[in-house]
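One structure is given here, and the rest of the page talks about it.
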Amino acid sequence: MIYTMEGHALKHAVEEMLFHLLPTVTLTHADAIGAGETDDWCRSILTEADGQAQARAVVRLDGTVRESESRAAVESLAPLDYKRTITELVKTTVYDAVVPALPEPPVWGSLTGVRPAKLARGLIERGMSRGEAAVHLREHFHVSPARTALTIRAAATAMELDKEIGPDDISLYVGIPFCPSRCYYCSFVSSTTAQSGHLIEPYLDTLCGEIEQTAALVREAGKRVQSVYIGGGTPTTLDENQLARLLSALEKNFDFSHLREYTVEAGRPDTITPQKLAALRAAGVGRVSINPQSMEDAVLAAIGRRHSAGDVLRAYDEARQAGFDAINMDVIAGLTGDTADSFARTIDTLIGLAPENITVHTLAIKRGADLTDKAAAAAQHDTVFRMLDGAAHALQNAGYGPYYLYRQKFTAGGFENVGWCKPDTECFYNVTMMEELQTILSLGAGGVSKRVERATGWIERANNPKYPLEYIRAADRLANGKRKLLFPKQ
Ligand code: SF4
């Protein structure tokens with residue numbers, strides 16, 4: 001599809017909405033649409049007069065041209081509000097012009113953001129009741145009733161946890177970007193041990209140095225660590241001695257006396273051993289994530305996981321025996337070879353195990369994916385819808401409730417990822433990170449630290465180098481970004 005922007009430069013807004021609605025199309029920007037153009041096209045036009053901005057979208061799809069128009073007063077708006085208003089006008093008009101051509105509207109309506117619950121929280125904090133916020137999501141953004149209910153539940157959980165965050169409370173993320181092998185769908189920066197195993201020791205050396213420097217900054221700034229999340233990659237790719245070294249560096253340098261939650265992603269069952277689990281418990285880790293993604297051996301083989309469903313059962317049992325009473329399990333809807341029935345079997349098996357948390361992800365289509373992949377993912381739309389719907393019913397019937405959710409930019413069918421939990425077992429870190437409730441300092445390659453000003457919601461970021469080798473080479477500069485975040489006035 002060819003698209004133009006006339007009277008504005010909100011390229012991202014136009015592209016994001018078109019991709020949201022038409023995930024299989026390839027978008028090409030043009031300066032103008034030629035008369036007699038036979039390809040599908042979209043013109044997004046913005047004009048402004050007498051303090052009013054007017055957006056118009058004219059879209060040709062499958063030979064039919066449709067138009068939509070919307071306007072808003074912009075005269076007295078502050079720059080940020082002005083930008084937000086015209087962006088919304090542009091997106092809404094594209095949405096309204098395209099949706100009549102679709103077999104059915106998307107479940108998230110015109111919402112494209114990754115944090116729907118944060119938007120709902122904003123509405124509630126600005127004075128709406130939860131009911132009014134739900135009506136706004138449904139009527140203004142056309143969000144489906146089921147997604148509206150999910151969003152309001154997640155917003156309510158975040159608002160409850162927010163009350164438990166003091167002005168000096170922060171959380172830590174530690175990244176271990178190594179895995180035993182690469183899953184076919186993986187979009188994370190993670191290297192296999194075959195490729196980069198030789199980097200693990202120097203990486204740990206650098207990480208221990210960063211831990212020491214960050215802990216000194218945290219002390220100097222008078223901050224208190226409220227939760228720690230070690231993710232990846234797969235942290236349990238480290239052997240038990242390496243794990244013990246990392247955990248002891250954290251414990252030795254940070255004051256964990258106010259810690260309310262300590263999580264380690266033990267993602268791949270093929271990396272989990274009783275010795276590693278014992279090392280985690282000995283260091284005070286209380287929560288682990290064991291991620292089957294599917295409990296169907298054929299699906300696991302198709303996505304390049306080098307473990308079976310039986311390995312997941314063994315790892316889960318070992319984690320319980322090691323004393324973990326907070327276990328999360330991740331699954332993904334939309335994997336190669338999975339069906340609505342086999343996905344339902346996976347969910348039923350996990351419910352039978354009774355972990356405290358089950359996180360249901362939707363497969364992300366990478367932006368660079370070829371057309372065949374995109375078309376295949378779009379064709380999966382109904383299947384993924386049934387998978388998610390079935391999982392939601394089964395989980396609710398088994399006593400789980402949704403506690404956080406987020407959307408990735410490019411997920412099959414524009415769906416979402418939802419964390420489900422048994423009562424009072426929500427993962428604090430997941431909520432605080434996703435809802436941007438507090439400052440999070442991220443250590444390790446690819447770490448993105450965020451300073452959150454709680455009073456205003458203002459966020460500043462500091463990025464670590466993305467890849468392990470770059471990270472190791474930047475060892476002496478890693479504290480600089482975090483110092484700027486913790487001491488913005490220096
Ligand atoms: S275990 Fe996770 S991080 Fe590692 S390759 Fe698979 S999806 Fe990527």
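Quick rundown of the values:
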| read-out | value |
| --- | --- |
| Residues His12 and Ala455, FRET efficiency given R0 of 41 Å [Cβ-Cβ distance, rounded to 0.05] | 0.90 |
| Share of Cα-Cα pairs in the stretch 165-259 lying beyond 21 Å, as whole percent | 38 percent |
| Largest-first ordering by accessible area, 1.4 Å probe, given options Asp330, Asp270, Asp325 | Asp325, Asp270, Asp330 |
| J(HN,Hα) series, the stretch 333-346, from Karplus relation 6.51 cos²θ - 1.76 cosθ + 1.60, nearest Hz, glycine and proline x | 8, x, 6, 3, x, 8, 10, 4, 5, 6, 5, 4, 5, 4 |
| Length-normalised contact order of the chain in % [C-alpha pairs under 8 Å, at least 6 apart] | 14 percent |
| Extension reserve of the Lys252-Ser342 stretch, reckoned as 0.36 nm per residue once the Cα distance is removed | 27.8 nm |
| Whole-Hz couplings from phi, Karplus 6.51/-1.76/1.60, listed for the stretch 269-278; x for Gly and Pro | x, 6, 10, 9, 10, x, 5, 5, 4, 5 |
| Simple spin-label estimate for Ala156 and Arg71 in nanometres, 7 Å along Cα-Cβ | 4.1 nm |
| Per residue accessible area of the stretch 64-172, 1.4 Å probe, in Å² | 50 Å² |
| Built amide H within the under 5 Å cut-off of Arg182, gap 5+ | none |
| Average projected area [Cα convex hull, the stretch 303-368], square nanometres | 5.4 nm² |
| Shape of the stretch 1-102, Cα gyration tensor, a/c cut at 1.5 | prolate |
| Convex hull of the stretch 104-149 built on C-alpha atoms - directionally averaged projected area, nm² | 2.9 nm² |
| In Hz, Karplus ³J(HN,Hα) per residue of the stretch 125-133 (6.51, -1.76, 1.60; θ = phi - 60°; x = Gly, Pro) | 5, 8, x, 7, 6, 4, x, 5, 5 |
| Anisotropy class of the stretch 405-480 from Cα gyration tensor, a/c 1.5 cut | prolate |
| Sorted largest first, extent of the stretch 263-343 alpha carbons per principal axis (Å) | 40, 18, 16 |
| Unsatisfied cross-links (Cα-Cα over 24 Å) in the set Lys422/Lys482; Lys223/Lys450; Lys163/Lys450; Lys252/Lys482; Lys252/Lys489; Lys83/Lys484 | Lys422/Lys482; Lys252/Lys489; Lys83/Lys484 |
| Linear extension gain, Ala49 paired with Arg320, 0.36 nm per residue minus alpha-carbon span | 91.0 nm |
| Length released on extending from Glu212 to Phe487, taking residue separation times 0.36 nm less the Cα-Cα span | 97.3 nm |
| Modelled FRET efficiency - R0 41 Å, Ala35 with Lys83, Cβ distances, 0.05 increments | 0.80 |
| Stokes-Einstein D (µm²/s) once Rh is taken as the Kirkwood radius of the chain over alpha-carbon pairs, at 37 °C in 0.692 mPa s | 136 µm²/s |
| Shape call, the stretch 50-154: gyration tensor on alpha carbons, a/c limit 1.5 | oblate |
| Computed FRET value (nearest 0.05) for Gln195 with Ala475, which takes r as the C-beta separation and R₀ as 22 Å | 0.55 |
| Net charge, Gly51 excluded, C-beta distance under 14 Å - Lys, Arg +1, Asp, Glu -1 | -3 |
| For Met295, residues with placed amide H under 5 Å, excluding near neighbours | Thr346 |
| Accessible carbon and sulfur surface of the chain relative to its total accessible area, %, 1.4 Å | 51 percent |
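The values are calculated or read from the model by the stated rules, or taken from the named source; none is laboratory data. Being a predicted model, the structure only gives us computed values, none of them experimental. Reconstructed Cβ throughout: ideal geometry from the backbone, glycine too, with neighbour counts over all protein chains shown. The protein model used for the area step is the full one, side chains on, heavy atoms only, and it has no ligands, DNA or RNA in it. Shrake-Rupley method; radii C 1.70, N 1.55, O 1.52, S 1.80 Å.
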